[in-house]
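Peer 1: Take a look at this one; I'll ask things after.
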Amino acid sequence: LVQATFFSSLLCFIVGVYWMMRSLKDSVFASVVGLEYQPQAKMFSLVVVSVVLVAYNKIVDIVPRHRLFAVICGAYSALFVATAVMLTSTTHGLVGPDGQPIPPSPERWLGWIHYFAIESYGSLVVSLFWQYLNSQVNLKEAKGQYGLITAS
């Protein structure tokens, strides 16, 4: 029960972070880059997510499975914290030194990075959670715990 509670909480945290970030994705992109560039961002996100998945497949061969989850989640955590800090910057963020919003521009790379990071997080980390869970729980425990993990 303790293990199921831990994994259930972890899944809730992963999905909660994703839904929070997903709700910010479009509004930050519109403020930083411009809403008129969102169709291009959606098309480019397919390419970016594909590249991220190829890189992930290479990392799987290098990093042990039990550490892979921490490495990937740590990288996304660092990226999201760095993005949050940059959004408060008066040079690259949402508001300039005069307190007025900085005009959106497709050349403002922070909006693109933020958009693609959230897109790739949603595609990668939930499936990575299940891979991690499968590597940590044996078949007998899985039969009793997976229902509790998904229901919680």
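The values are calculated or read from the model by the stated rules, or taken from the named source; none is laboratory data. Just so we're clear, the structure is a prediction, and the values are computed from it rather than from any experiment. Using ideal geometry, Cβ is built from the backbone for each residue, glycine included, and neighbour counts are taken over all protein chains shown. These accessible areas exclude ligands, DNA and RNA; they are computed on the full protein's heavy atoms, side chains included. Shrake-Rupley method; radii C 1.70, N 1.55, O 1.52, S 1.80 Å.
Peer 1: Does segment 114-128 contain at least one residue that is within 30 Å of S27 (Cβ to Cβ), open to solvent by 20 Å² or more (accessible area, probe 1.4 Å) and modelled with pLDDT of 95 or more?
Peer 2: Scanning segment 114-128, I find at least one residue that is within 30 Å of S27 (Cβ to Cβ), open to solvent by 20 Å² or more (accessible area, probe 1.4 Å) and modelled with pLDDT of 95 or more, so the answer is yes.
Peer 1: Only residues in segment 91-103 that are open to solvent by 90 Å² or more (accessible area, probe 1.4 Å) count as the first member; pair them with residues that are in a strand (DSSP E or B), Cβ under 7 angstrom, at least 6 apart or cross-chain, and list the lot.
Peer 2: Cβ pairs passing all conditions: P101/V95.
Peer 1: Here is a further query. Please go through (1) free of Cβ contacts under 8 Å to residues at least 12 places away in the same chain; (2) surrounded by 12 or more Cβ atoms within 10 Å (Cβ to Cβ); (3) closer than 22 Å to I102 by Cα for S50 and return the number of the only condition it doesn't satisfy.
Peer 2: Among (1) free of Cβ contacts under 8 Å to residues at least 12 places away in the same chain; (2) surrounded by 12 or more Cβ atoms within 10 Å (Cβ to Cβ); (3) closer than 22 Å to I102 by Cα, S50 violates only (3).
Peer 1: On the basis of being touching a Pro at 6+ places or on another chain (Cβ under 6 Å) and open to solvent by less than 60 Å² (accessible area, probe 1.4 Å), does G16 make the cut?
Peer 2: Numbers: touching a Pro at 6+ places or on another chain (Cβ under 6 Å): no; open to solvent by less than 60 Å² (accessible area, probe 1.4 Å): yes.
No; evaluated as a whole, the condition is false for this residue.
Per-residue answers, yes or no, for (1) part of a helix (DSSP H, G or I); (2) small (G, A, S); (3) over 30 Å from F7 (Cβ atoms):
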site	(1), (2), (3)
V54	yes, no, no
V71	yes, no, no
W112	yes, no, yes
G122	yes, yes, no
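Peer 1: Tell me, yes or no, whether segment 81-90 has at least one residue that is modelled with pLDDT of 95 or more and within 30 Å of A4 (Cα to Cα).
Peer 2: The answer is yes; a qualifying residue exists.
Peer 1: Within segment 83-90, can one find any residue that is assigned to a helix (DSSP H, G or I), open to solvent by less than 70 Å² (accessible area, probe 1.4 Å) and not aliphatic (A, V, I, L, M)?
Peer 2: yes
Peer 1: Look through segment 19-45, keep the residues that are surrounded by fewer than 16 Cβ atoms within 10 Å (Cβ to Cβ) and among the hydroxyl-bearing types (S, T, Y), and return whichever of them is nearest to G111 (Cα to Cα).
Peer 2: Among residues in segment 19-45 that are surrounded by fewer than 16 Cβ atoms within 10 Å (Cβ to Cβ) and among the hydroxyl-bearing types (S, T, Y), the one nearest to G111 (Cα to Cα) is S27.
Peer 1: For the subset of segment 53-68 comprising residues that are in contact (Cβ under 8 Å) with a residue 12 or more places away in the chain and of a type outside the set (A, V, I, L, M), which member is surrounded by the fewest Cβ atoms within 10 Å (Cβ to Cβ)?
Peer 2: H66
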